[in-house]
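The values are calculated or read from the model by the stated rules, or taken from the named source; none is laboratory data. Quick caveat, the model's predicted, so the values are computed rather than measured. Cβ placement follows ideal geometry from the backbone for every residue including glycine, while neighbour counts extend to all protein chains displayed. Note: areas computed on protein heavy atoms with side chains; ligands, DNA, RNA excluded. Shrake-Rupley method; radii C 1.70, N 1.55, O 1.52, S 1.80 Å.
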Amino acid sequence: MYEKEGMTMYDILIKNGRTPSRETIDIAIQADKIAEIGSNLEVEAQRVIDLHGDSYVSAGWIDDHVHCYEEMDLYYDSPDEQGYKAGVTTIIDAGSTGAENMDRFHQLLKDVKTNVFAMINISKTGIVRQDELSDMRNIQAELVREKVKAFPAFIVGLKARMSKTVVGDNDILPLEEAKKIQQQVDLPLMVHIGSNPPTLETILAELEQGDIVTHCFNGKANGIFDKENHSIKNFAKEAYEKGIIFDVGHGTDSFNFDVAEAAKAEHITPYTISTDLYHRNRESGPVYDMATTLEKLLAVGYSLAEIIPMVTSHPAASFKLKGKGELKKGADADITIFNVGSGSKELVDSNGNTRTINQLIKPTTAIIGGAIYDI
């Protein structure tokens with residue numbers, strides 16, 4: 001930043017952007033930080049992006065549940081395909097790696113443009129196979145502590161996948177161990193739910209305020225939805241009221257329109273929206289990308305102003321991502337610029353149910369640490 005004839009000169013100036021609440025804002029960026037923000041900034045910049053009030057601007061989108069360890073056999077993908085190329089500035093890999101392969105994962109990210117963080121799987125193997133928690137010997141607290149200490153700025157949470165296909169005959173035991181480890185490392189815990197045992201009721205009974213349940217709107221019998229009574233199960237309501245965080249975690253088999261709509265009708269709102277992307281459900285659906293997932297929440301009945309915090313300030317708060325998730329002076333210069341246009345589009349959930357939407361979300365630019373990436 002320098003002065004030009006009494007005028008402050010910044011690196012980038014975004015002019016006439018629209019917030020999701022339809023306010024007009026200007027944002028000045030210097031290096032990798034937001035330097036100024038206001039409704040009509042009297043500054044100049046080396047590069048000006050004038051949105052003319054036509055495009056929306058928000059803090060950079062955060063996807064807090066993806067799988068992007070590229071050397072994984074089961075669930076792998078390119079971080080940048082999930083990230084900046086889709087308007088997402090920060091992604092969190094949800095337990096693809098454990099203590100045995102975390103070093104390699106971190107090494108592979110050195111040239112990635114998207115911000116990438118990781119949850120460490122409580123299994124030392126990560127998801128090298130579907131049943132990583134079927135052998136309790138894979139859970140070694142000391143190894144988890146060592147990696148958290150080695151990568152304090154990279155590892156932002158713990159991940160435990162608590163479904164029958166993952167835990168085998170171990171039922172709730174891996175989650176009990178996860179909670180013990182959590183007390184030792186003081187990190188957020190995200191829990192995957194699916195088939196039982198363990199039952200969802202048993203899982204939720206183990207969790208505390210601030211713990212995260214992902215795949216919250218799956219259509220499975222072991223989910224939050226009572227199909228017979230077309231209502232949310234009482235124990236799920238109690239968990240929500242207790243402060244357990246509900247995360248969408250769309251995934252290949254974990255988002256159902258009926259469940260999401262029933263939850264909204266009963267005021268059960270997801271705190272965070274995530275995709276659970278990996279290469280196959282990004283390329284072939286039903287997920288595709290974050291914008292499509294946001295469109296599905298619009299189809300459920302949420303407004304744009306309601307959903308954007310679910311991919312900005314809320315995940316930043318859940319995982320204590322300092323400097324991210326907010327448009328304010330001093331925050332990281334991570335910004336998503338996107339359009340919301342009219343048009344008709346059929347959306348498909350994980351179970352083949354469809355909804356048609358007439359609001360289409362299209363990201364156009366991702367700014368990450370002050371670097372501009374047009375999409």
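Does the range 24-33 contain any residue that is under 17 Å from Val340 (Cβ atoms), of a type in the set (Ser, Thr, Tyr), part of a loop (DSSP other than H, G, I, E, B) and modelled with pLDDT of 95 or more?
Among the residues of the range 24-33, not one is under 17 Å from Val340 (Cβ atoms), of a type in the set (Ser, Thr, Tyr), part of a loop (DSSP other than H, G, I, E, B) and modelled with pLDDT of 95 or more, which makes the answer no.
Going through Ile375, Ile361 one at a time, which residue ends up being open to solvent by 60 Å² or more (accessible area, probe 1.4 Å) and either of a type in the set (Val, Ile, Thr) or modelled with pLDDT under 95 (or both)?
Matching residue, one of Ile375, Ile361: Ile375.
For the structure I just gave you, tell me whether Lys159 is touching a residue at least 24 places away in the same chain (Cβ under 8 Å), within 30 Å of Lys220 (Cα to Cα) and open to solvent by 60 Å² or more (accessible area, probe 1.4 Å).
no
Give Ser284, Ser344, Ser274, Ser313 a once-over and let me know the one that is in the same structural domain as Glu70 (by the TED database), at pLDDT 95 or above and open to solvent by 50 Å² or more (accessible area, probe 1.4 Å).
Ser284
Looking at (1) open to solvent by 80 Å² or more (accessible area, probe 1.4 Å); (2) farther than 21 Å from Gly251 by Cα, which is the only condition Ala221 fails?
Failing condition for Ala221: (2).
Tell me yes or no: at least one residue of the range 58-72 is within 24 Å of the chain's Cα centre (by Cα), among the charged types (D, E, K, R), open to solvent by less than 10 Å² (accessible area, probe 1.4 Å) and closer than 26 Å to Val112 by Cα.
yes
From Ala153, Ala118, which residue is buried (at least 24 other Cβ atoms within 10 Å of the Cβ), modelled with pLDDT of 95 or more and under 21 Å from the mean Cα position of the chain (by Cα)?
None of the others qualify; the one that does is Ala118.
Among the residues of the range 134-145, is there at least one that is assigned by the TED database to the domain that holds Ile212, among the charged types (D, E, K, R) and either touching a residue at least 60 places away in the same chain (Cβ under 8 Å) or crowded, with 21+ Cβ neighbours inside 10 Å (or both)?
The answer is no; no qualifying residue exists.
Out of the residues in the range 180-198 that are under 19 Å from Leu143 (Cβ atoms) and either open to solvent by 20 Å² or more (accessible area, probe 1.4 Å) or aromatic (Phe, Trp, Tyr) (or both), which is nearest to the chain's Cα centre (by Cα)?
Leu187
Within the bounds of the range 14-26, is there any residue that is small (Gly, Ala, Ser), buried (at least 17 other Cβ atoms within 10 Å of the Cβ), in contact with a Ser or Thr (Cβ under 9 Å, 6 or more places away or on another chain) and within 22 Å of Phe151 (Cα to Cα)?
No: the range 14-26 contains no residue that is small (Gly, Ala, Ser), buried (at least 17 other Cβ atoms within 10 Å of the Cβ), in contact with a Ser or Thr (Cβ under 9 Å, 6 or more places away or on another chain) and within 22 Å of Phe151 (Cα to Cα).
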